[in-house]
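As structure tokens, the structure follows; a few thoughts come after it.
Since every read-out is calculated from the coordinates, none of them should be taken as a lab result. In this text the structure is predicted, and so the values were computed from the model without any measurement. Here the Cβ positions follow ideal geometry from the backbone for every residue, glycine too, while neighbour counts run over all protein chains shown.
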Amino acid sequence: MKTLTVTPALALLGFIGVACFLASSMASTIPPRVPRQEAGPASIYPDTSQTPGAPNPDITQENIADNICNTGWSTSSVRPSTSVTSRIKAQTMKAYGFTDSQTDYELDHLISLQVGGCPDCVENLWPEAYGDVDHPMTQVERAKWKRDNPGSKDVLPGSLEKDTVENHVHDEICFGIPNAKMSSLRKKFPPTVSITLQRGQEILASDWYACYLSMMDGNKPCE
């Protein structure tokens with residue numbers, strides 16, 4: 001039997017390989033998930049095996065005052081180009097088995113950009129319907145339906161309702177930071193508690209609709 005001699009050079013290469021693997025693993029770490037409350041029907045949530053959510057490693061609790069909570073920062077600074085998102089939208093719709101019109105869906109960041117979500121990670125992007133399976137709608141059609149049917153629950157919640165949650169969770173993350181950037185919803189749904197960046201990401205990645213129900217119930221906080 002031959003004996004393998006491990007030279008210092010080989011040992012160093014092995015160490016580098018392990019270090020690179022660990023660094024890669026840490027870079028793709030998803031915020032800890034909390035048990036889903038199942039506040040809504042399964043169809044309004046993404047398939048967690050395909051879309052578990054992924055954070056933007058450049059945005060941390062320590063620097064949110066310089067980016068998502070800064071009045072000079074905009075999601076446009078990190079938002080992928082349409083050439084990228086169009087490709088991902090087609091890819092994710094195929095993966096989800098959706099064969100209807102792409103205009104009935106928003107390519108949604110599960111952890112939104114204003115809450116520190118990864119801009120172009122496929123595991124953070126999914127085709128979210130504006131309407132539901134029985135009521136396919138474009139963004140414009142859903143917005144009109146909401147105006148014409150205030151408070152109605154005839155159509156399941158979708159992309160526009162999640163947008164409301166994303167803005168409110170952002171405001172709760174930035175609540176308490178002096179002169180922080182707040183969303184356009186801050187007057188209708190003013191934040192009343194301060195949550196961490198990680199907790200905000202957990203809310204969106206686990207059960208955003210539970211937060212939506214809290215907001216609709218007298219502006220109760222999403223904690």
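Would you mind computing, in nm to one decimal, how far apart the modelled labels at T48 and K187 are, each placed 7 Å from Cα along Cα→Cβ?
Rounded to a tenth, the inter-label distance reads 3.9 nm.
Quick one: 3J(HN,Hα) in Hz for the range 45-50, Karplus 6.51/-1.76/1.60 with θ = phi - 60°, rounded, Gly and Pro as x.
Listing the rounded values in order: 10, x, 6, 5, 6, 9 Hz.
Take peptides 183-194, 206-217 and line them up by average Cβ neighbours within 10 Å, highest first, as a rough protection proxy.
Packing proxy ranking, top to bottom: 206-217, 183-194.
Arranged from highest to lowest average of other beta-carbon atoms within 10 Å per residue, in what order do the peptides 143-151, 74-82, 166-174 appear?
Per-residue Cβ counts within 10 Å, averaged per peptide and sorted highest first, yield 166-174, 74-82, 143-151.
Report the gain in length on full extension from T82 to T196: 0.36 nm times residue separation, minus Cα-Cα distance, nm rounded to one decimal.
38.0 nm is the gain from fully extending T82 to T196.
Take the cross-link list K187/K220; K89/K153; K89/K187; K144/K181; K144/K188 and give me the ones stretching past 22 Å between alpha-carbons.
As for pairs spanning more than 22 Å Cα to Cα, those are K89/K153; K89/K187; K144/K181.
Quickly rank 103-112, 132-141 as a protection proxy: mean count of other C-beta atoms within 10 Å, highest first.
The peptides rank, most packed first, as 103-112, 132-141.
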